[in-house]
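The values are calculated or read from the model by the stated rules, or taken from the named source; none is laboratory data. These numbers were taken from a predicted model, which means no experiment stands behind them. No Cβ is skipped: glycine too gets one built from the backbone with ideal geometry, and neighbour counts run over all protein chains shown.
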Amino acid sequence: MFLSNKRTKIIGLGLVLLLLVIGFWIYSKQRSYSFFVAGHVYGSPLEESPRLYSPFLETFDDLNSDELMVHGFLTGDIVKNPNEESWTQVDKDLEGLKMPLDFAPGNHDLKDYDLYTERYGPIGRYFFLENDLFLIPEVQVDGWVISKNQITFFQNLVERNQDWIENIFVFVHQAIYIDYMHLSPNSFEGKTDAINFKSEVLPALEETNKPTYIFSGDVGAFDWGMSIFHEPMDNITYVASGMGGGVADNYLIIDVLNDKTVEFRIVSLQEADLGEIDDY
């Protein structure tokens, strides 16, 4: 009888531990928070509307209904023609979203650089959210180059917060890594032959040893072009996504789980099956 009771207690303790392990695993795989990344949101180059791309606008209710959708990023070409009318209409359109937004402006947006910065302030910025670092560098002034001052600032920022940073998310319009990762962007406007991603930016990102995700929005404008790009290498994942071509228009939802792993959801604006991010 004594051995039977002891065995029962051991089995019971084992079941409790198993349930705790299962419970922790389920918790770790739940979402902590989400954000969306949308590129080339003015849409088709063939249209002249000052509004955001209408198929994108039609998804705002879905974004608002997600209580864990805490932020949004527009990765450039937000307007086709950078004038007061277009920006005022964009601001009005974006009132339909409940979450905070940040812009990583594109070549169209910055054709009137002074107007943009008067309305929205300096381009380079960063913030932390739940131990994750979010950055929007200035890449257009020097022709798709991230300046040495910005790189040094980034290195110092990471060094000061090294012990608790979990993920790093970087948002740009241009595919600044195009000489290192080959893809087909909408445009090469403003690109210098001396972009410094491989020589200076990449080493700074690699040395962090943090999972890092670089998002570009300069794809998807044409029906014959690329609309999604995804390439993980070492600690860095290169991503591009955009809309306007009317065939595979999309934006991305990024889910950060409680265990700090990162997952992607592709939102198709034509209700097409665009598969999973690992398909690209």
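Here are the numbers for this structure:
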{"item": "Qualifying position, being touching a strand residue (DSSP E or B) at 6+ places or on another chain (Cβ under 7 Å), under 27 Å from residue 87 (Cα atoms), without any contact (Cβ under 8 Å) to a residue 24 or more places away in the chain and not in a loop (DSSP other than H, G, I, E, B), among 134, 127, 169", "result": "127"}
{"item": "Number of positions in region 260-273 that are modelled with pLDDT of 95 or more and either aliphatic (A, V, I, L, M) or within 28 Å of residue 165 (Cβ to Cβ) (or both)", "result": "9"}
{"item": "Scope region 159-185; condition of a type in the set (S, T, N, Q) and either touching a Pro at 6+ places or on another chain (Cβ under 8 Å) or at positive phi (or both); matching residues", "result": "167, 174"}
{"item": "Tally, over region 152-176, of residues that are within 14 Å of the chain's Cα centre (by Cα) and exposed (fewer than 15 other Cβ atoms within 10 Å of the Cβ)", "result": "0"}
{"item": "Region 37-59, subset surrounded by fewer than 23 Cβ atoms within 10 Å (Cβ to Cβ) and hydrophobic (A, V, I, L, M, F, W, C), residue farthest from residue 259 (Cα to Cα)", "result": "46"}
{"item": "Residue list for region 201-258, filter: polar (S, T, N, Q) and either in a loop (DSSP other than H, G, I, E, B) or at pLDDT below 95 (or both)", "result": "208, 209, 227, 235, 258"}
{"item": "Filter pass, residue 82 being assigned to a loop (DSSP other than H, G, I, E, B) and either acidic (Asp, Glu) or surrounded by 15 or more Cβ atoms within 10 Å (Cβ to Cβ) (or both)", "result": "yes"}
{"item": "Filtered residues of region 131-149 (kept if on the phi < 0 side of the Ramachandran plot, surrounded by fewer than 18 Cβ atoms within 10 Å (Cβ to Cβ), modelled with pLDDT of 95 or more and not small (Gly, Ala, Ser))", "result": "148, 149"}
{"item": "Boolean, residue 236 is in contact with a helix residue (DSSP H, G or I) (Cβ under 6 Å, 6 or more places away or on another chain), closer than 23 Å to residue 72 by Cβ and surrounded by 18 or more Cβ atoms within 10 Å (Cβ to Cβ)", "result": "yes"}
{"item": "Residue satisfying all of: in region 259-271; part of a strand (DSSP E or B) and either of a type in the set (Phe, Trp, Tyr) or over 15 Å from the mean Cα position of the chain (by Cα) (or both); nearest to residue 80 (Cα to Cα) among these", "result": "268"}
{"item": "Filter result for residue 235 (without any contact (Cβ under 8 Å) to a residue 60 or more places away in the chain and closer than 22 Å to residue 179 by Cα)", "result": "yes"}
{"item": "Residues being in a loop (DSSP other than H, G, I, E, B) and of a type in the set (Ser, Thr, Tyr) - total across region 137-166", "result": "1"}
{"item": "For residue 273: the one exception among (1) on the phi < 0 side of the Ramachandran plot; (2) in contact (Cβ under 8 Å) with a residue 60 or more places away in the chain; (3) surrounded by fewer than 17 Cβ atoms within 10 Å (Cβ to Cβ)", "result": "(2)"}
{"item": "Hits in region 177-209 - residues which are of a type in the set (Phe, Trp, Tyr), within 24 Å of residue 45 (Cβ to Cβ) and surrounded by 19 or more Cβ atoms within 10 Å (Cβ to Cβ)", "result": "177"}
{"item": "Any hit, region 101-121, residues being touching a residue at least 40 places away in the same chain (Cβ under 8 Å) and surrounded by fewer than 20 Cβ atoms within 10 Å (Cβ to Cβ)", "result": "yes"}
